[in-house]
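Here, each number is a calculation from the coordinates, and none is a lab measurement. From a predicted model like this one, the values you see are computed outputs, not experimental measurements. Note: ideal-geometry Cβ built from the backbone for every residue, glycine included; neighbour counts use all protein chains shown.
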Amino acid sequence: MKAHWESKGYKIGNVFDNMGANATGIEIGASTPRGMVLVFTPSKNTSFIDVQSECTLDPAADKKTT
């Protein structure tokens, strides 16, 4: 995953290869050139990809609703 993300121009952040005694996986974080943050956590039973990004680039979306 790290090599794939690097090939897309993503900046690799934290890489945890030992998540402790209660975890079987590792974790790798990255950020995209447009500011999206990704965290990939694979393990023996399941894998997770957490994505945090802007919902829209529309400046009108900055206005809060009631």
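Where Lys and Arg each count +1 and Asp and Glu each count -1, what net charge lies around Ile28 among other residues with Cβ under 10 Å from its Cβ?
-1
Rounded to the nearest 0.05, what FRET efficiency is calculated for Val15 and Asn45 with R0 set to 30 Å and r the Cβ-Cβ distance?
It comes to 0.90.
Ranked highest first by average number of other Cβ atoms within 10 Å, how do 5-14, 42-51 line up?
Ranking the peptides 5-14, 42-51 by packing returns 5-14, 42-51.
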